[in-house]
Every structure is written in structure tokens, then in C-alpha cells.
Amino acid sequence: MCVHGIRDNLVPVRFNLWVMLLTSCWVVYMLRVNMSLNLIAMVPQTRNNSSSQSTCGSTPESNEVQNYTASPSNGTNVTEAPRQVPGGASFDWSSEQQALILGAYFWCYPVTSLVGGMAAERWGPRYVVLITSFASAVLTMLSPPAAKLHYIALVVTRFLLGFAGGFIYPSLHVLVARWAPPAEKGKFVSAMMGGTLGTVVTWSLTGPLMDKFGWASAFHVPGVLTLIWCGFWWYLVADTPEDHPRITEAEKKYILEALGDNVKKSKGLPPFKEIVTSIPFLAMVVLHYGNLWGLYFIMTVGPKFVSSVLGFELSAAGVISALPYLARMFLATVFGFIGDCILSRKLMTTTTIRKFFSLFSHIIPGVLLVMLVYTGCSTGLSVSLITLSMGFNGAATLTNLQNHQDLAPNYAGTLYGIANFVGSTAGFFTPMITAYFTKNGNSFEQWRPVFFVGASVYIVSAIFFILFGTANIQLWNFPKGDKADSKDLHRNGDLKDISNATIKNGDTKEIKETPLSVTA
């Protein structure tokens, strides 16, 4: 293997780290999204509960019965899955109770996401990710007995799972800052798409797993896999290159020289007053919120719509619900390539790119969601529209997922944490809104306002960003003594002019671009 012209070990430590970043996001999403599909099996359909029968999977005769809604003793309507899977216990939970279970993950997730980066900086990202992932695995395996005890016990379990999960993504950003040379930053950040793979694999395999072994296996298997992953994380990952016991001197020297002293020097506290009063920053937060609303919308209620309305069997519902994420991952790569070509040929400024591609990342997905509720029982067309809506959202790699880097490279982590704190609240609003509108049935009429709300958030957030957003570097990015030196950067506004530089305390340091490669 050749690392930058020097023959060393077969695989560079940075490549191992990239794999662990990818799989860590995979694990986070595996434990986060499995409940959306598991809940369909845990709350099976009963003969008398016609409100939960699928609109498109029913016969004409059963459509006559579908207007009748059976209510349990507490008077609450129940929205349930189209079929029962093996596994013993089933639960007569109302749609509101199911919404609480789904949304509980996100009640504390935004808060721990906000402080996760600071925790990783103090105690090290290796330990923070390890402890929270281990705790998440244990909580996941405790979910079946918690569900059998009481639905509130399952809500508490999901709440604690979200509490732990909120630390992970900010901690990974700290790890990237300490390990990724500037020329390889994009490669490491791309590993964050591992969450998409986690969603796809989880939803594709959970249905068949539950069909054969029961719904409890859909908690036990991810929990055991996460515990195994924790062992690999402990062995392969270190907080810094200096701490890694198996890194070669050549690779360590390359990383440290590329990073210089930029990561170690403290900038002090971010200028919070300037940040929260910055209109471009607020526009980025709004755009990020719209993106996460759409993402969590498909994640939390997608399986229910596919199963309860379109009438897919449980084993197929997971596969069908995973298709939008495959499309998003693929088109994100395509849009990234297009954006790089536009920048390299100087066809648009960075600000124009951010605003123009909001059409693809937000507006088109919103329009497709509106079209979806008018497709009727054309299941192929419905699945295609859901898939295209999420696929076009892959253009977010050129809009809200990069804009915080544009505005303030020195405080990109802080901006990301604040935006993610606000955006993550969509995770518990979307299932509540869905439960409110679908509590009396699963027809297209009940689901239409759900999709209208999702489309509106998408489109309005994009319009707000187009009007008030920018990719110009903000003056508050630089310490007060260095603002005079930053006038040229602020005037040009585009990070493409300093794309090979690391910014810290107002200074720029040129880094020679060298590929991360594994060659024989």
C-alpha cells in the first residue's frame, strides 16, 4: 500500500477511521428507525378494526365496512398494521400512543445534539461514541420487555435511546476535525451518508426477520450487532493521531503537518449574539429545518403509509420504504458531482448554487408530496413519487448541508449543532401530526393534510432561504482583531477561493491536496 508515496501498512488508519465513521452512522440510524417498522408488527390488525385496514389492499366489499371505526374501551381509535406476524404478544395501542412511542426518541435528542460536541471535546469523541452506542444497544434489547410491561415503559426506553443518540453525530464531527487533513475533509464528511445505508438495510431486512422469528427479533438482532460494532470501534479508533497505537510514523506525520496547530488552538467562545441575530444564519436554520422535516417525515410515517394505505405486506413494506433512501444516496452523489463541475468551471457563484439547488432539494420534493395524495391506489406511481421526492432531496448536499461551512468555517460545528438542535424537533412533530389527522382512518382523505403540511414546510423553507440566504463568509467568523484582514474574503464571499485552506483565528494555511488511497 502506498500512502502519499510512502510504502506503509496495508490499510491506512485513516481508511479504518472512514469505515468506522460510515458504520457508526449506520448503527445510529439502525437503532433509530427500526421502531417505525417494528410498531406495525407490534400493533397488529384485528378483524373489527376496519379503520386500520389498508385503503388500496381491500376488496370492494370491505370498502363498505371501512367507514366503520371500532373503538376500544378507552374510546380511542386505533390505527394498526395490515397483518400480524409471529412473536407472541400484541398491543392494543391507540394511534396517539403509537405517536408517543415514535416521537419519544426526539424529545431529548435535540438537546444532547447541541451539547454533544462539547462533551466530545472534553472527554474525547472515542469514549463518548462508545459509551452512548453501548447504552443504545442495551436499551434496544430492553425494548421488548419494556413493551410488555407498559407502553409508557417503551416510551421511556425510546426517550433514553434518543438521549444517547444525540451525542453521536456532533462527536463524529469532532473526530473528523482531529483526523481529517483539509484535502480529505470531503471524503470523511461523505461517510455521514452511512445513516442512509442504515435505514435501507434495516427496513429491507426487518420485515423478513419479523416474519420468521417474531417482532422481538427486530430489537435483539440490531442490539447484538451494535455491541459487536462497539468492539471494533474500541480497537480501531483513537481520539487523535498521537493517541493511536498502530498508526505509522509516516501517516501520523502527514496528518499532523496537514492539520498544523489549527485544531489545538482555542478560538474561545463562539460569538453567539452575532450568530443568533444573523439573517443568513437564520435562513440556513430554516432551510435545514425544512430538510429534516422531510427526512423525518418519510422516516417515521413512511412505513405506516406504505403498509396501511397502499396495502403492502409487512415484509414488502420495509423494502418499499427503503427505496427513497437509496434514491437520496444515489442522487446526492450525482448532485455533488454536478455542483463540483459548476464550481470548477465558474458557471455560478456559491450563493447562486445554494439557492438554485434549493429548487431540487426542497421545492420539487414538496410538489411531489402534494401530487402523491392524488394518485389514488396506483401503488407503483405512489411509490415512485415518494422515491423521487426523497431522491431529489439529495441535492441538500449542495444547500443546507454545506451552507454552515460557507457562513463561518471557524464555527461550522457550532452552527451545525444549533441548526440540528432546531431541526431535530421535527422528529416528534411529524408523528403527532400524522396521528392527529389519521386517528379516524387510513384513507387518502385522512392522509392528504399530512402530506400538505410536509410539502408546505419543504417549500416555505426554501423560499425563505432564497430570499434571505447567502454563501458569503460572515464577518463574525473572524476574531475582532482579524476582521480587517478578512475584507477580501468577505467581499468575494465564495469559499471556492479558499477551498484548500484551513481557517482558524482568521489565518489561512495552504494544504497540499493528496488523495486518501489504498493501493497494492
Handout entry: Residue count for the range 415-443, restricted to those that are within 19 Å of Met35 (Cβ to Cβ), open to solvent by 10 Å² or more (accessible area, probe 1.4 Å) and modelled with pLDDT under 80
Key = 1
Handout entry: Considering residues of the range 340-357 that are assigned to a loop (DSSP other than H, G, I, E, B) and on the phi < 0 side of the Ramachandran plot only, the residue modelled with the highest pLDDT
Key = Phe357
Handout entry: Search result, residues across the range 219-247 that are within 13 Å of Asn16 (Cβ to Cβ) and either hydrophobic (A, V, I, L, M, F, W, C) or buried (at least 16 other Cβ atoms within 10 Å of the Cβ) (or both)
Key = Phe232, Trp233, Trp234, Leu236, Val237, Ala238, Pro241, His244, Ile247
Practice task
Kindly indicate whether Asp406 is at pLDDT below 80, in a helix (DSSP H, G or I), buried (at least 18 other Cβ atoms within 10 Å of the Cβ) and among the charged types (D, E, K, R).
Solution key: yes
Exercise for the section: Out of Phe337, Phe360, report the one residue that is modelled with pLDDT of 90 or more, outside any loop (DSSP other than H, G, I, E, B) and either closer than 26 Å to Tyr289 by Cβ or not polar (S, T, N, Q) (or both). Expected result: Phe360
Problem - Residue satisfying all of: in the range 207-218; open to solvent by less than 10 Å² (accessible area, probe 1.4 Å) and part of a helix (DSSP H, G or I); modelled with the lowest pLDDT among these - result: Gly207
Exercise for the section: Answer with yes or no whether Ser36 is within 20 Å of Thr379 (Cβ to Cβ) and either at pLDDT below 60 or in a loop (DSSP other than H, G, I, E, B) (or both). Expected result: no
Completion exercise
Screening Ser171, Ser133 for residues that are in a helix (DSSP H, G or I), touching a Gly at 6+ places or on another chain (Cβ under 7 Å) and within 30 Å of Thr414 (Cα to Cα) leaves only Ser171
Exercise for the section: Look at Phe451 and say whether it is in a helix (DSSP H, G or I), open to solvent by less than 10 Å² (accessible area, probe 1.4 Å), closer than 17 Å to His362 by Cβ and modelled with pLDDT of 80 or more. Expected result: yes
Fill in the blank from the handout: So, first residue assigned to a loop (DSSP other than H, G, I, E, B) in the range 368-387, second residue modelled with pLDDT under 85, Cβ within less than 6 Å, six or more apart or across chains; the pairs are Val373/Phe444; Val373/Arg448; Thr375/Leu381; Thr375/Ser382; Cys377/Cys56
Exercise for the section: Name the single residue, out of those in the range 456-490 being modelled with pLDDT of 90 or more and open to solvent by less than 40 Å² (accessible area, probe 1.4 Å), that is nearest to Leu368 (Cα to Cα). Expected result: Tyr458
Exercise for the section: Working only within the range 90-125, note down all residues that are under 23 Å from Val176 (Cβ atoms) and either open to solvent by 40 Å² or more (accessible area, probe 1.4 Å) or not in a helix (DSSP H, G or I) (or both). Expected result: Val111, Leu114, Val115, Met118, Glu121, Arg122, Trp123, Gly124
Exercise for the section: Report, by residue number, each residue of the range 459-478 that is among the hydroxyl-bearing types (Ser, Thr, Tyr) and in contact with a Leu (Cβ under 7 Å, 6 or more places away or on another chain). Expected result: Ser461
Handout entry: Selection within the range 131-167 - over 13 Å from Tyr105 (Cβ atoms), open to solvent by less than 30 Å² (accessible area, probe 1.4 Å) and not hydroxyl-bearing (Ser, Thr, Tyr)
Key = Ala137, Pro144, Ala146, Ala147, Ala153
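The values are calculated or read from the model by the stated rules, or taken from the named source; none is laboratory data. As the structure is a prediction and not an experimental result, all values here were calculated from the model. Here Cβ is always computed from backbone atoms with ideal geometry, including for glycine, and neighbour counts include all displayed protein chains. Ligands, DNA and RNA are excluded from the accessible area calculation, which covers all protein heavy atoms including side chains. Shrake-Rupley method; radii C 1.70, N 1.55, O 1.52, S 1.80 Å.
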